[in-house]
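Everything below concerns the one structure shown next.
Please treat every number below as a calculation from the coordinates, not as lab data. Just so we're clear, the structure is a prediction, and the values are computed from it rather than from any experiment. So basically every Cβ, Gly included, is an ideal-geometry build from the backbone, and we count neighbours across all protein chains shown.
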Amino acid sequence: MERIADNEMDFDAVKLQQARIAVPANAREPIKNGESLRDAVIRNLDEYFEMLNGAQPHHELYPMVIQAVEKPLLEIAMKRCGNNKCAAAHLLGINRNTLHRKLQFYKIG
């Protein structure tokens, strides 16, 4: 799988930090199985590190997690918006050109 360039991720991280985006309250609330999205991420990361038995991963953690979350997020946004990129970009809170680039990267649509 192709990696997103570090400078692109840094820009996104800085943009989020500058915007001081708070996690909506409902993102902390339990979802279908009684677990919040945040708790599901923490549980999966804990399980991942347990699987490594104390060894260090052979790859960078940040891009691995972002790519694991970002692709299904983009797929769901596009589906919910009837494959309308402008509407999906608005739903995601990103620029349409950024969405287009990410869709190309993940080979979506």
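Tally up the residues in segment 52-87 that are of a type in the set (A, V, I, L, M, F, W, C), free of Cβ contacts under 8 Å to residues at least 24 places away in the same chain and within 22 Å of VAL41 (Cβ to Cβ), please.
8
Go through segment 85-108 and count every residue that is surrounded by 13 or more Cβ atoms within 10 Å (Cβ to Cβ) and not in a helix (DSSP H, G or I). Outline the logic, then answer.
Restricting attention to segment 85-108, the residues satisfying the condition of being surrounded by 13 or more Cβ atoms within 10 Å (Cβ to Cβ) are 85, 87-92, 94, 96, 98-103, 105-106, 108.
In the following step, the residues that additionally are not in a helix (DSSP H, G or I) were identified as 94, 106, 108.
Residues in segment 85-108 being surrounded by 13 or more Cβ atoms within 10 Å (Cβ to Cβ) and not in a helix (DSSP H, G or I): 3 in total.
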